[in-house]
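No lab work stands behind these numbers, since they all come straight from the coordinates. Note that the coordinates shown come from a computational prediction; the quantities given were computed from them, not determined experimentally. All Cβ positions, even for glycine, are placed from backbone atoms using ideal geometry, and neighbour counts span all protein chains on display.
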Amino acid sequence: MRRVVVIGTTGAGKSRLAERLAEQTGLRVIELDALYWGRGWQPVPLDLFRYRVECETRDEGWIVVGNYGQVRDLVWSNADTLIWLDLPLSLVMWRLMRRTMRRAATGEELWGTGNRESFRTAFMSRQSILLWALKTHRRNRERYAVECRSLAGQKRVVRLQNKRQVERFVTMH
């Protein structure tokens, strides 16, 4: 396990899992959100995003966090392990609510971009990350099931469906 991709719906705990695995393995964490988002929540141009991902994944020893289809060919083809956090919607929403409330309350800057979450955006906007998670959870689950099945013979695919499985996986690595 030297080149790892952690996928899952928004709020599933991808970043936290990657951080914990990095502590144990010494692998470097690459947040795709940090490479994708510019100031004012504007996405960087696609060519720049792909270039950044190529540069970051060129070397050995990384854990990529994220689900961006625009760079899946770059990331997944180089990965030896794919970890799918397939957690229940109720757990995902609870975690996402807590994280969003904390970030909005503290004004935490995200990825060095100047971007911050706000209560207004989280709860009273069509751009709400909470609404996004509700709308995409089932669709992501169905898509990842197909994609992971197709990779089963080529890569190590790990599907974690509850907190106990996540804890067991982390303690084994």
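Below is a table of values for the structure above.
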item: Residue match in region 146-159 (condition: in contact (Cβ under 8 Å) with a residue 60 or more places away in the chain and hydroxyl-bearing (Ser, Thr, Tyr)); result: no
item: Members of region 96-108 found to be of a type in the set (Gly, Ala, Ser), assigned to a helix (DSSP H, G or I) and exposed (fewer than 14 other Cβ atoms within 10 Å of the Cβ), listed by number; result: Ala105
item: Selection count where residues are closer than 16 Å to Ser15 by Cα and either among the charged types (D, E, K, R) or out of contact with any helix residue (DSSP H, G or I) (no Cβ under 7 Å at 6 or more places or on another chain) (or both), scope region 113-145; result: 0
item: Trp37, sole failed condition from (1) without any contact (Cβ under 8 Å) to a residue 40 or more places away in the chain; (2) out of contact with any helix residue (DSSP H, G or I) (no Cβ under 6 Å at 6 or more places or on another chain); result: (1)
item: Region 40-58, residues that are under 18 Å from Arg2 (Cα atoms) and either in contact (Cβ under 8 Å) with a residue 24 or more places away in the chain or surrounded by 13 or more Cβ atoms within 10 Å (Cβ to Cβ) (or both); result: Val53, Glu54, Glu56, Thr57
